[in-house]
Amino acid sequence: MDSTDATRLILVTPPDADPLAFPALLTEALGGGDVAAVLIASAAGKGAEQLAATLVEVAQAAGAAALVAEDTRLAGHARADGVHIATGFDNLRRAAESFRPKRIVGAGGLASRHDAMQAGEIGVDYVFFGRPHGDTHDSPHPKALDLAEWWSDLMEVPAVIMAGHSLKSVGEAAATNSAFVALHSAVWRHAGGPAEAVALAQAALAPGRRAA
């Protein structure tokens, strides 16, 4: 999950991902363009560990980092590249202590500038603005846009911003100068399929991030 001068994509898996059908959809999506990481944010429960392990393999085979949401145990068992924590700073600290520097630790659930700075002080690898399944409108959430632009202009830790459920929101999200734009329903519900959605999102990122 390398941060470069060009904004890159992160794909968020659906909470209700079908263990039988979704791995093929993810493979299709990853074939559509450059994807930095896959955030495995599917619901816990029976079969969750097998699904996570399968999606980790699919992501890594395509050259994308595989991140598991909230569950460090599951991330370890599935041999993921890292974990995404949005359940408080105590859990974030524990994850950073056990995973870094060999694995990625990302911070979510950041509702303010103070929260983001506190996460940065813990030593995370990225800060995530918006909620992974919070793409309920065409555009990114206004607070996420504000926080991502503020952070990206001042801080070195990469920012991820959650786009809206329209592919038209990708350019708006990338204009914050964030290192990564996360997509969820804009990819999985795209009428032309996930590969086409990723290709269109990739095109919308051009010409890339502003020079620092």
request  = Can you confirm whether region 2-13 contains a residue that is in contact with a Gly (Cβ under 7 Å, 6 or more places away or on another chain) and surrounded by fewer than 16 Cβ atoms within 10 Å (Cβ to Cβ)?
outcome  = yes
note = When (1) out of contact with any Ser or Thr (no Cβ under 7 Å at 6 or more places or on another chain); (2) closer than 30 Å to Gly192 by Cβ; (3) modelled with pLDDT under 95 are applied to Ala65, the one that fails is (3)
request  = Taking Leu25 as the residue in question, decide whether it is touching a helix residue (DSSP H, G or I) at 6+ places or on another chain (Cβ under 8 Å), hydrophobic (A, V, I, L, M, F, W, C), in contact (Cβ under 8 Å) with a residue 40 or more places away in the chain and surrounded by fewer than 20 Cβ atoms within 10 Å (Cβ to Cβ).
outcome  = yes
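What about Asp90, is it part of a loop (DSSP other than H, G, I, E, B), among the charged types (D, E, K, R) and either surrounded by fewer than 16 Cβ atoms within 10 Å (Cβ to Cβ) or touching a helix residue (DSSP H, G or I) at 6+ places or on another chain (Cβ under 7 Å) (or both)?
Here the answer is no, as Asp90 does not meet what is asked.
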note = Out of (1) more than 16 Å from the chain's Cα centre (by Cα); (2) aromatic (Phe, Trp, Tyr); (3) within 26 Å of Leu74 (Cβ to Cβ), the one Trp151 does not meet is (3)
Sole exception among (1) over 17 Å from the mean Cα position of the chain (by Cα); (2) part of a loop (DSSP other than H, G, I, E, B) for Ala17, by number = (1)
Meets criteria (under 18 Å from Leu11 (Cβ atoms) and among the aliphatic types (A, V, I, L, M)) for Ile85 = no
inquiry  = So Leu67 ticks every box in (1) surrounded by fewer than 24 Cβ atoms within 10 Å (Cβ to Cβ); (2) closer than 24 Å to Arg100 by Cβ but one. Which box is left unticked?
reply    = (1)
ask   = So which of Val124, Val105, Val181 ends up being touching a helix residue (DSSP H, G or I) at 6+ places or on another chain (Cβ under 7 Å), part of a loop (DSSP other than H, G, I, E, B) and surrounded by 20 or more Cβ atoms within 10 Å (Cβ to Cβ)?
value = Val124
key: Number of the exception - Asp135 against (1) outside any loop (DSSP other than H, G, I, E, B); (2) buried (at least 17 other Cβ atoms within 10 Å of the Cβ); (3) not hydroxyl-bearing (Ser, Thr, Tyr)   = (1)
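Quick check, is Ala195 closer than 26 Å to Ser42 by Cα, touching an Asp or Glu at 6+ places or on another chain (Cβ under 8 Å) and either without any contact (Cβ under 8 Å) to a residue 12 or more places away in the chain or not basic (Lys, Arg) (or both)?
Yes; evaluated as a whole, the condition is true for this residue.
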ask   = Of the residues that make up region 84-97, is at least one touching a residue at least 12 places away in the same chain (Cβ under 8 Å) and charged (D, E, K, R)?
value = yes
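The values are calculated or read from the model by the stated rules, or taken from the named source; none is laboratory data. Because the structure is a prediction, the values reported are computed rather than measured. Note that each Cβ is placed from the backbone with ideal geometry, even for glycine, and that neighbours are counted across all protein chains shown.
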